[in-house]
Amino acid sequence: MDDSPHHGAPPDEPHGPVRHVDGNALAGLLADVFAADMTMALLACGHCGQAGPLAAAVVEDDGAAAILRCRSCTRTLLTVLRADGRLSLRIGALARLDVAV
Amino acid sequence: MTVGGWRPATVAAARPATAHARILTLHVPGWPGNLPGQHLDIRLTAEDGYQAERSYSIASSGPGESVELGIDRIDDGEVSPYLVDVIEPGDMVEVKGPLGAYFVWDAGDPAPVQLIAGGSGIVPLLAMARARSAALGGEAPFRLLYSVRSPADAMYRAEVDALTAAGIAVDWRYTREAPGEWDGEVGRLTAETLAAGTWPPDARPLVFVCGPTRFVEATADLLVAAGHPPERVRTERFGGA
């Protein structure tokens, strides 16, 4: 299993020595975050604290920008921009994103 | 939950569902199969390179490279008029999917399932009802409430009526015009008519609500007000009016 110090424990309760590495070391971990279907991911709003599955959040999509809003307080959680063959993910009021592994 | 980019797909069959909707069967080489309730994205590319994408629910589920879609025309839409009025068997599109994990029925879940469809919102719910009907010995009690403007606006009408033979209770709701023999009310769902056409919160059903955004929001609000736990009410909004 993964024995990285930031996995499975809150940041203020490390359960092992801190390893000073670089982003390459997160390839496998972040693949679990971003390769999953995101509709069941739990998103928490940093403004009002409401948390719920991404599938239940409000979306406004005009083809260029998809804005994901908190259903409770309407703050923009995140925005996905499509332009020039690239996708740009901009984090707004999103405080936390949880996925089941 | 395979996604993996765009795949070419060929229209294998097209048949009318209502005066403004059509059922398309796509042949998608390499399609990994899908779960009941999942959707896909369709991408159309014009001769000048302009591209448009939209999401459509899948009426079929299970393995195989054949995918059935039920598509309702949005008159000022960019994609649906082409899919309903123009595209023909042999034509090609691109698809991405299957997509979604939230609005999906798990055939292994024995909990009662209450389906509530508004208009073309029947499509992913029919996939769930079909899966339930096909599951030999499937035990989960199913009930469907289908709200349509008039009998002529009901997609899959005959198949929905036939679900009762598979043990699925079906309740109709007509918002503008009911069939001649109808002795109930006509109009949008209210707290009373919703309660009459669905299982109560005490039954602890998992509720799937799909349809136009305003229908889904109004229905989900009524369900929660009636005592259904919000986390047991799964919603999928199609947008539009």
Where is the GNM fluctuation largest for chain B (alpha-carbon springs, 10 angstrom cutoff): B:Thr198, B:Thr219, B:Thr190?
B:Thr190
If r is the Cβ-Cβ distance from A:Ala65 to B:Asp183 and R0 is 35 Å, what FRET efficiency results, to the nearest 0.05?
0.10
Ignoring ligands, DNA and RNA, what percent of the accessible area of the protein assembly as shown is carbon or sulfur (1.4 Å)?
54 percent
Within the stretch B:19-46, name every residue whose backbone N is under 18 Å away from a label modeled 7 Å from Cα of B:Thr10 along the Cβ vector.
B:24-32
Label 7 Å along Cα→Cβ of B:Ala134; the stretch B:44-83 residues with amide nitrogen under 17 Å?
B:57-70
If amide H atoms are modeled at 1.01 Å from N in the peptide plane, then the residues at a separation of 5 or more from B:Val170, or on another chain, having amide H under 5 Å from its own are B:Leu144
Output for the stretch B:159-241: GluC sites (Glu not before Pro) sitting in coil per DSSP, at most 16 other Cβ within 10 Å, listed by number, reads B:Glu177, B:Glu181, B:Glu185
Can you work out ³J(HN,Hα) from phi for every residue in the stretch B:216-226, in order, using Karplus 6.51 cos²θ - 1.76 cosθ + 1.60 and θ = phi - 60°, giving whole Hz and x for Gly and Pro?
5, 5, 5, 5, 5, 5, 5, 5, 5, 5, 7
Between A:Leu77 and residues 5 or more places away or on another chain, the pairs with built amide H atoms under 5 Å apart involve A:Leu68, A:Arg69, A:Cys70, A:Ala93
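The values are calculated or read from the model by the stated rules, or taken from the named source; none is laboratory data. Predicted, not measured: the structure shown is a model, and the values here were computed from it. Cβ atoms come from the backbone with ideal geometry, glycine included; neighbour counts cover every protein chain shown. Remember, those area values only see protein heavy atoms, side chains included, never the ligands or the DNA or RNA. Shrake-Rupley method; radii C 1.70, N 1.55, O 1.52, S 1.80 Å.
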